[in-house]
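Trainee: One structure coming up, written as structure tokens, with questions to follow.
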Amino acid sequence: MPRVKIDLVAPAFELPASNGQAVASWDFKSRTPLVLFFPHADCAACRGRLQELARDRGRYGEYQAQVLALLPAPLPDCRRLAAELRLPFPLLSDSDGRVRGRYLEAPAAVGLFVLDRYGEPYGRWMATEADSLPPAEPLLSALRLTELECPECGVPDWS
């Protein structure tokens with residue numbers, strides 16, 4: 001099964017979310033870029049990264065980007081963690097790892113992805129530990145690039 005690569009459309013998904021709704025990647029198509037985080041279920045560094053994403057959510061919002069985290073855990077665990085960390089974005093339950101396996105090259109990996117409003121990856125980072133993933137700046141750079149390359153997005157004419 002092919003993994004997510006730059007210049008290809010990322011695989012679509014629909015998963016139950018901690019907010020009680022089902023969230024589908026196609027719900028955002030043509031509307032907003034996505035920042036996707038694939039953490040481990042029981043990982044202190046992953047919890048820290050979830051809190052960083054929550055803290056920096058406003059910065060991603062400047063590009064109308066939606067943050068989603070896809071956790072390899074049952075929905076009750078996602079609800080508990082989202083409430084415990086007071087996350088302003090939903091945790092999606094990928095309990096069988098089906099979606100994770102389509103994005104990450106190794107099941108034990110963690111990952112961050114920036115997708116433009118059409119599902120094309122503009123940033124892809126994978127590691128074995130969440131501490132090895134980049135901070136907000138490279139993600140914001142990828143989001144800026146999605147805006148610059150999208151003439152329909154209201155980007156100023158630089159000519």
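Trainee: Any idea which of (1) open to solvent by 10 Å² or more (accessible area, probe 1.4 Å); (2) of a type outside the set (Asp, Glu); (3) touching a Ser or Thr at 6+ places or on another chain (Cβ under 7 Å); (4) free of Cβ contacts under 8 Å to residues at least 40 places away in the same chain is the one Ala73 doesn't satisfy?
Mentor: (1)
Trainee: Looking at Glu52, is it of a type in the set (Asp, Glu) and either open to solvent by less than 20 Å² (accessible area, probe 1.4 Å) or closer than 21 Å to Phe28 by Cα (or both)?
Mentor: When the stated conditions are applied, Glu52 does not pass them.
Trainee: Further question on the same structure: Could you say whether any residue in the range 69-79 is among the acidic types (Asp, Glu) and under 20 Å from Pro16 (Cβ atoms)?
Mentor: yes
Trainee: Tell me, please, whether a residue that is farther than 23 Å from Gln21 by Cβ, open to solvent by less than 10 Å² (accessible area, probe 1.4 Å), under 13 Å from the mean Cα position of the chain (by Cα) and not acidic (Asp, Glu) can be found in the range 82-95.
Mentor: No, the range 82-95 has no match at all.
Trainee: Which residue pairs have Cβ atoms under 6 Å apart, sit 6 or more places apart or on different chains, and have a first residue in the range 40-57 that is of a type outside the set (Lys, Arg) and a second that is part of a helix (DSSP H, G or I) and buried (at least 18 other Cβ atoms within 10 Å of the Cβ)?
Mentor: Pairs found: His40/Cys46; Ala45/Ala130; Cys46/Ala130.
Trainee: Answer yes or no: is there a residue in the range 128-144 that is touching a Cys at 6+ places or on another chain (Cβ under 7 Å), surrounded by 21 or more Cβ atoms within 10 Å (Cβ to Cβ) and under 17 Å from Leu50 (Cα atoms).
Mentor: yes
Trainee: Here's a follow-up. Tell me, which strands (runs of 3 or more DSSP E) wholly within the range 39-129 include 1 or more residues that are of a type in the set (S, T, N, Q)?
Mentor: The strands (runs of 3 or more DSSP E) meeting that bar are 66-71, 91-93.
Trainee: Also, I was wondering about something else. Scan (1) in contact with a Ser or Thr (Cβ under 8 Å, 6 or more places away or on another chain); (2) buried (at least 16 other Cβ atoms within 10 Å of the Cβ); (3) at pLDDT 95 or above for the single condition Glu14 breaks and write down its number.
Mentor: (2)
Trainee: Hey, any hits in the range 22-37 for a residue that's among the polar types (S, T, N, Q), open to solvent by less than 60 Å² (accessible area, probe 1.4 Å) and either modelled with pLDDT of 90 or more or closer than 17 Å to Gly101 by Cα (or both)?
Mentor: Yes, because at least one residue in the range 22-37 is among the polar types (S, T, N, Q), open to solvent by less than 60 Å² (accessible area, probe 1.4 Å) and either modelled with pLDDT of 90 or more or closer than 17 Å to Gly101 by Cα (or both).
Trainee: State which residue is farthest from Gly111 (Cα to Cα) when the search covers only the range 123-150 and only residues that are among the small types (Gly, Ala, Ser) and within 14 Å of the chain's Cα centre (by Cα).
Mentor: Ala142
The values are calculated or read from the model by the stated rules, or taken from the named source; none is laboratory data. What you are looking at is a predicted structure, and each value in this text was computed from that prediction instead of being measured. All Cβ positions, even for glycine, are placed from backbone atoms using ideal geometry, and neighbour counts span all protein chains on display. Just the protein is used for accessible areas: all its heavy atoms, side chains included, with ligands, DNA and RNA removed. Shrake-Rupley method; radii C 1.70, N 1.55, O 1.52, S 1.80 Å.
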